[in-house]
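The values are calculated or read from the model by the stated rules, or taken from the named source; none is laboratory data. Only a predicted model underlies this, so the values are computations on that prediction, with no experimental measurement involved. A quick note on method: Cβ atoms are made from the backbone with ideal geometry, for glycine too, and the neighbour counts reach across all protein chains shown.
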Amino acid sequence: MLFFQRVLFTVFILFIPFKAFAYDSNNTLQINRYLKELNKLNSQISDRNVWIKSYASYLTSLEVKNKLDTIKKRIKWLSKYAKTSSDMDELAGLISKEKILTSQINKLKGDSSAPFSKLITPPKIDDISKISNPFEIFTGLSLIKTIDANYDDYKKRKENLSALIVLLRKELNLYKKLYKLNLEKYQDISGRKQTELERFERALDTMSVTLNVYQKRLEIAKISINKGIEKQIYRLIKIGIAVLFVFFIFFLLKLIIKKYITDNERFYMANKIITFTNFTIIILILFFNYIENVSYLITILGFASAGIAIAMKDWFMSILGWLVIVFGGSIHVGDRIRVDMDGMKYVGDVLDISLLRITILEDITLTSIMQNRRAGRIIFVPNNYIFTRMIANYTHHSLKTVWDGVKITVTFDSNHKKAMHLVKEIAKKYSKGYTDITRKQLNKLRQHYSLKNTNVEPRIYSFIEPYGIDIEAWYLTNAYGTLTLRSVISTEIIDAFKAEDDITIAYPTQKLNINMQSEAPVTHNNELV
């Protein structure tokens with residue numbers, strides 16, 4: 001029995017070291033496995049570095065603040081009790097260090113008050129302005145897109161934080177296991193990790209509550225924007241229907257005047273008035289739909305008028321000139337007018353009278369022949385010229401004829417009375433049709449103007465000139481074809497004068513008298529024969 005007990009004791013003594021060796025080997029394997037898992041977790045945690053960096057910045061700011069407080073206390077003590085040179089050197093060094101740490105604190109400003117303060121704060125919701133016109137529809141749609149992007153970004157931040165907390169919990173659990181394996185060095189690490197996890201969890205709780213509130217605010221903002229967009233779209237539809245209705249009415253009016261007004265001039269003016277009225281009504285529709293208070297319209301028109309009068313004086317005067325031309329009736333489309341511009345004279349037919357200018361087509365006239373030596377040009381005359389320039393209308397109101405004249409010179413020894421008679425008969429013959437037309441036109445013009453001299457018969461005048469007698473014939477002709485009749489009458493007068501022996505057309509000549517028998521000097525006389 002005693003032997004058996006000794007054997008058991010010996011076996012027990014031998015087994016204890018073997019068991020301790022087996023236990024240490026098993027711990028080492030577990031530690032290595034835990035450390036590998038920690039390395040893997042650390043690599044995963046570093047991928048979500050936004051939150052980690054923010055927390056590291058917070059810890060750094062706390063550390064710097066603590067150091068700064070310690071330095072300030074030391075500076076305060078040295079400022080009172082420093083006596084030796086070494087104390088003064090230390091004081092100077094601490095003051096320099098204080099400045100450096102203060103600058104670091106300023107750069108990290110806000111991080112020491114609370115961790116993740118910037119990350120857990122949702123993006124600011126800008127004030128939602130009222131959508132008051134169609135152009136702001138695009139602004140509203142862009143704002144909705146921005147709101148959705150901000151919400152998605154904040155939600156993604158929360159999801160990243162949730163995933164990070166899961167990893168931190170695993171990390172803390174591993175550190176606790178290492179601590180249980182009698183590794184005392186992991187005790188402090190476990191405590192810090194526990195504090196870190198609690199701060200991250202508090203941040204997640206805050207974000208969860210904030211996200212719900214933030215989502216409600218965004219929904220309210222989007223509802224407000226969508227209502228404004230719907231209101232503007234509905235208003236655009238109403239305006240579109242109104243504009244189409246106005247266009248339809250004025251289209252019918254144009255068809256009616258085209259059918260019942262045959263005179264081109266009257267049709268053109270009626271068409272212009274209808275078009276102007278059409279666009280005026282459309283502009284008023286737009287104004288009254290987008291200006292809530294009518295007084296705003298009056299204010300805007302007042303400022304606009306003042307601005308146009310000052311900054312765009314010529315345009316304003318052209319618009320005013322257009323009103324004078326259209327409603328005054330001084331010039332119509334189709335009239336033949338003459339305009340004096342910058343020392344030049346232009347004669348042509350009015351093609352168009354727009355809001356800013358008169359467009360005329362330059363014709364071949366006596367002015368073109370004698371002065372411009374050009375014709376066929378399109379001339380643009382600003383409407384404001386009616387106030388400052390000479391504009392002559394050859395076909396105003398019912399008149400379609402003008403007085404034109406030809407001049408021819410006969411010698412002093414010609415039968416000038418006979419010559420005047422011939423000129424008068426020729427002028428009467430070729431201008432008779434225009435004379436009758438003008439007589440009727442002047443009778444109509446008496447209804448609008450006071451006419452005293454209504455003689456429409458050709459007029460013949462004679463004037464004594466240094467080298468002969470000028471005979472001038474004035475007659476009525478078509479305002480659009482003065483040169484044609486002038487040419488016909490001129491050739492007829494020449495033919496008639498050539499057929500008479502006692503009428504000689506005067507023109508510059510030179511007469512040379514030579515006396516071969518005397519030594520008298522040779523004389524040269526310039527005269528008209």
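Overview of results
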read-out	value
Any pair with Cβ under 6 angstrom, 6 or more apart, that starts in the range 227-256 at a residue that is more than 30 Å from residue 273 (Cβ to Cβ) and ends at one that is outside any helix (DSSP H, G or I)	228/131; 232/131; 232/134
Strands (runs of 3 or more DSSP E) within the range 468-529 that include 3 or more residues at pLDDT 65 or above and either within 14 Å of residue 426 (Cβ to Cβ) or under 60 Å from the mean Cα position of the chain (by Cα) (or both)	468-478
Wholly enclosed strands (runs of 3 or more DSSP E) of the range 336-415 bearing at least 2 residues more than 29 Å from residue 428 (Cβ to Cβ) and not aliphatic (A, V, I, L, M)	344-353, 357-362, 378-382
Complete set of residues in the range 388-431 that are under 58 Å from the mean Cα position of the chain (by Cα) and of a type in the set (Ser, Thr, Tyr)	388, 394, 395, 398, 401
Single residue of 188, 205 found to be modelled with pLDDT under 85, assigned to a helix (DSSP H, G or I) and surrounded by fewer than 15 Cβ atoms within 10 Å (Cβ to Cβ)	188
Checklist (1) touching a helix residue (DSSP H, G or I) at 6+ places or on another chain (Cβ under 8 Å); (2) at pLDDT below 80; (3) hydroxyl-bearing (Ser, Thr, Tyr) applied to residue 151, failing item	(2)
Residue within the range 456-463 that is assigned to a helix (DSSP H, G or I), acidic (Asp, Glu) and either under 30 Å from residue 328 (Cα atoms) or touching a strand residue (DSSP E or B) at 6+ places or on another chain (Cβ under 9 Å) (or both) present	no
Residue 418 vs. criteria at pLDDT below 90, over 23 Å from residue 338 (Cβ atoms) and surrounded by fewer than 17 Cβ atoms within 10 Å (Cβ to Cβ)	no
Within the range 142-157, tally of residues that are loosely packed, with under 14 Cβ neighbours inside 10 Å and within 23 Å of the chain's Cα centre (by Cα)	1
Condition check for residue 79: in contact (Cβ under 8 Å) with a residue 40 or more places away in the chain and assigned to a helix (DSSP H, G or I)	no
Conditions (1) under 45 Å from the mean Cα position of the chain (by Cα); (2) more than 27 Å from residue 217 (Cβ to Cβ); (3) at pLDDT 80 or above; number of the one not met by residue 123	(2)
Matching residues, the range 117-164, being over 30 Å from residue 44 (Cβ atoms) and of a type in the set (S, T, N, Q)	129, 132, 133, 139, 142, 146
Residue count for the range 16-56, restricted to those that are under 60 Å from the mean Cα position of the chain (by Cα) and at pLDDT below 65	2
Candidates 91, 143, 101, 59 - the one that is assigned to a helix (DSSP H, G or I) and modelled with pLDDT of 80 or more	143
Residue match in the range 340-351 (condition: surrounded by 12 or more Cβ atoms within 10 Å (Cβ to Cβ) and touching a residue at least 60 places away in the same chain (Cβ under 8 Å))	yes
